[in-house]
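Visitor: The structure follows.
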């Protein structure tokens, strides 16, 4: 009779299928940009965002969450939302800037990798209502959205190289800041809403459909700016730890060590009292 340890191990197909589709979209974006098909490249990154939003929800709905799926999703994200936007922007506008161009692209990739690593390590302790730093899909939307807008309106990449480098660097740095961004995870998507809300949603789709490149870029660009605005608005005095770095009071290792010391001190006090 086979025991549990001898059972065949495997992975869940459905959620990882969506993750693979997102990974393919990111890879396709890189290849398309190499062939100077920048609109297709930018659209592929936005499609990857859709798959990235679906795979986790499908896993939760079908009870197929796994450690493998979480790790695979992170690996796919660094390609689709880290490497792909950086290379698409480099091929479109940054290549003529020399060292500044590829350094700007690298800053974005490094910021995305650090953002994913911090998100994964803080997954169980972070406030789900907010993101710490700009989420990597949103940063990718800003960079690829700029490429989409520039290409659609006939702007040559070399004419906006400096601006493109500034946007790429800022998007990369925003990912590793402590600025707070609404995650919208506290929205009750299953609750009832009025007819007006449905009407607004329909109008929003119509507006996006009229000029998708400009509207989507504008939405994610304003969202990227909302983090600094929200943080500055909610603090009495802006400090360095509100922008970057770690506060000692929020450091998990520091808190754990302090709690252990407090427990030991309490035990010693109780022991001495009992002895007296």
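The values are calculated or read from the model by the stated rules, or taken from the named source; none is laboratory data. Quantities reported herein were computed from a predicted structural model and do not represent experimental measurements. Ideal geometry is used to build each Cβ from the backbone, glycine not excepted, and the neighbour counts take in all protein chains shown.
Visitor: Assuming residue 165 fulfils every condition listed in (1) under 23 Å from the mean Cα position of the chain (by Cα); (2) part of a helix (DSSP H, G or I); (3) more than 24 Å from residue 43 (Cβ to Cβ) apart from one, which condition is it?
Guide: Condition (3) is where residue 165 drops out.
Visitor: Which condition number does residue 148 fail, the rest of (1) closer than 16 Å to residue 227 by Cα; (2) surrounded by 21 or more Cβ atoms within 10 Å (Cβ to Cβ) being met?
Guide: Unmet for residue 148, out of (1) closer than 16 Å to residue 227 by Cα; (2) surrounded by 21 or more Cβ atoms within 10 Å (Cβ to Cβ): (1).
Visitor: Across the stretch 199-246, which residue is nearest to residue 140 (Cα to Cα) among those that are at pLDDT below 80 and outside any loop (DSSP other than H, G, I, E, B)?
Guide: 242
Visitor: May I ask you to list the residues in the stretch 64-82 that are farther than 12 Å from residue 15 by Cα and not in a helix (DSSP H, G or I)?
Guide: none
Visitor: Among the residues of the stretch 167-198, write down those that are modelled with pLDDT of 90 or more and loosely packed, with under 12 Cβ neighbours inside 10 Å.
Guide: none
Visitor: In addition: Sort out which residues of the stretch 115-139 are surrounded by fewer than 16 Cβ atoms within 10 Å (Cβ to Cβ) and in a helix (DSSP H, G or I), and write them in order of number.
Guide: Matches in the stretch 115-139: 117, 120, 121.
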